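Here's the structure, in structure tokens; my notes come after.
The values are calculated or read from the model by the stated rules, or taken from the named source; none is laboratory data. Please read these numbers as outputs of a predicted model, since none were measured by experiment. Positions of Cβ are backbone-derived with ideal geometry, glycine not excepted, and every protein chain shown enters the neighbour counts. With ligands, DNA and RNA removed, areas are computed over all heavy atoms of the protein, side chains included. Shrake-Rupley method; radii C 1.70, N 1.55, O 1.52, S 1.80 Å.
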Amino acid sequence: MDCQLQKLNKFINIEGLYTFFYFEHDTNYFFPGEQHDFWEMVYVDRGEISAVEENSGYLVQQGEVIFHKPNAFHTLASSPKEPHNILVTTFETSSPAMEFFKNKIFTLNNKQKKILSLILEEMRRALTDGSLDNKKGYKDQICDIASYQLGVAHLEHLLIELLRATRVIER
């Protein structure tokens, strides 16, 4: 049998994570802003937030995700209506397909929310103390390293699903 290897050309390839957090903030939370040379994804799990990127403001509501592109100055604030919970992750990728995520807010469907829950589950396993705060470091046991890899793979999966999505809010 004559078999030829079909090399994998990854459409989205995340080289690694910088941060992975789950925050619960009250109504007076304000983050004055930052700028960095990697991507940031913010998912609103509860409530709503005001996000500003490069002097444009956006209201991001429960079930929506916003992406901050590399080198874009961005801030975040609570809505005065109610507290919010958000998942924030920053990651390195040089995939050209990421251009699609610039200037977009997505409303996650049930399938995408399930993928997000898988990311949370694996990252919780990968983090030293089980919290979603990777400043404390990742566990170095083989099964937990695999959890980190699987969490990143699920993040790539989510990004691909969002690329396929038809419900996109243009900024």
Mind checking whether some residue in region 37-51 is under 23 Å from K114 (Cβ atoms), among the small types (G, A, S) and touching a His at 6+ places or on another chain (Cβ under 9 Å)? yes
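Out of the residues in region 1-14 that are open to solvent by less than 100 Å² (accessible area, probe 1.4 Å) and within 18 Å of the chain's Cα centre (by Cα), state the one that is nearest to E40 (Cα to Cα). If you could, list the steps in order and put the result at the bottom.
Filtering region 1-14 down to residues open to solvent by less than 100 Å² (accessible area, probe 1.4 Å) leaves 3, 10, 12-14.
This time we only want the ones that are within 18 Å of the chain's Cα centre (by Cα), so: 12-14.
On the way: I12: 15, N13: 15, I14: 12 Å.
Filtering region 1-14 for residues that are open to solvent by less than 100 Å² (accessible area, probe 1.4 Å) and within 18 Å of the chain's Cα centre (by Cα), the one nearest to E40 (Cα to Cα) comes out as I14.
Rundown of residues vs (1) farther than 17 Å from F100 by Cβ; (2) surrounded by 13 or more Cβ atoms within 10 Å (Cβ to Cβ); (3) within 17 Å of the chain's Cα centre (by Cα), yes/no style:
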site	(1), (2), (3)
Y22	yes, yes, yes
F31	yes, yes, no
E40	no, yes, yes
A51	yes, yes, yes
V65	no, yes, yes
T75	yes, yes, yes
V88	yes, yes, yes
Flagged in region 102-153 as within 27 Å of F73 (Cα to Cα), at pLDDT below 80 and in a loop (DSSP other than H, G, I, E, B), in numbering order, are L132, G137
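Are any residues in region 86-115 among the aliphatic types (A, V, I, L, M) and under 19 Å from E54 (Cα atoms), and if so, which ones?
At the first step, the residues of region 86-115 found to be among the aliphatic types (A, V, I, L, M) are 86-88, 97-98, 105, 108, 115.
Result: V88, M98, I105.
Considering only strands (runs of 3 or more DSSP E) fully contained in region 59-100, which possess at least 2 residues that are touching an Asp or Glu at 6+ places or on another chain (Cβ under 7 Å) and in contact (Cβ under 8 Å) with a residue 60 or more places away in the chain? Break it down into steps so the answer makes sense when it comes.
On the way: elements: 64-68, 74-78, 84-93.
Output list reads 84-93.
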When the residues of region 95-116 are narrowed to those that are closer than 23 Å to N9 by Cα and out of contact with any helix residue (DSSP H, G or I) (no Cβ under 9 Å at 6 or more places or on another chain), which ends up least open to solvent (accessible area, probe 1.4 Å)? K102
Could you count how many residues in region 8-39 are more than 18 Å from L120 (Cβ to Cβ) and out of contact with any helix residue (DSSP H, G or I) (no Cβ under 8 Å at 6 or more places or on another chain)? 16
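Within region 21-54, how many residues turn out to be in a strand (DSSP E or B) and not aliphatic (A, V, I, L, M)?
As a first pass, look at region 21-54 and keep what is in a strand (DSSP E or B): 21-25, 30-34, 39-46, 48-53.
After this cut, where a residue has to be not aliphatic (A, V, I, L, M) as well, the list is 21-25, 30-34, 39-40, 43, 45-46, 48, 50, 53.
The qualifying residues number 18.
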